[in-house]
1. So I have (i) 14.7, 47; (ii) 26.4, 79; (iii) 14.4, 54, and one of them is Rg and Dmax of the Cα atoms in Å calculated from this model. Which one is it?
2. Nearest 10 degrees is fine. How inclined is helix 26-42 to the longest principal axis of the chain, computing both from alpha carbons?
3. Against the longest alpha carbon principal axis of the chain, how many degrees, from 0 to 90 and to the nearest 10, is the axis of helix 3-20 turned?
4. Could you state the principal axis extents of the C-alpha atoms in the stretch 3-67, from the largest down, to the nearest angstrom?
């Protein structure tokens, strides 16, 4: 059995280890072993340079497709900040009312006088309430 196949098998085993011990630590080693094994099968006379190539390719692939994905993911009400919604009721004197954004109804708070049907811009979040301003744009 050629050494390249051993590296490929080891790469798959290390990647499978991620299923048992999650945390995105093992895929980097597994991908590097896979790339190194394939390169060893194709051009075995360049073992050292192929190890360097495998390392660089691994860094590029993982940073582009694994570690860089989802850095700006926002969940909950924070994902609405900067978006435009519509008031579904007149805001009460205490500044609270309800707005619709992305087909969801949310409790909102504003210092502006907002009527049913007015467009509002979400400018922040306070607890479970959206902070909104009356939107005067197009």
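What follows draws every value from the coordinates through simple rules; no lab data is involved. Predicted, not measured: the structure shown is a model, and the values here were computed from it.
1. (ii)
2. Between the helix axis and the principal axis of the chain, the angle is about 40 degrees.
3. Computed tilt is about 30 degrees.
4. Sorted from largest, the Cα extents of the stretch 3-67 read 35, 23, 13 Å.
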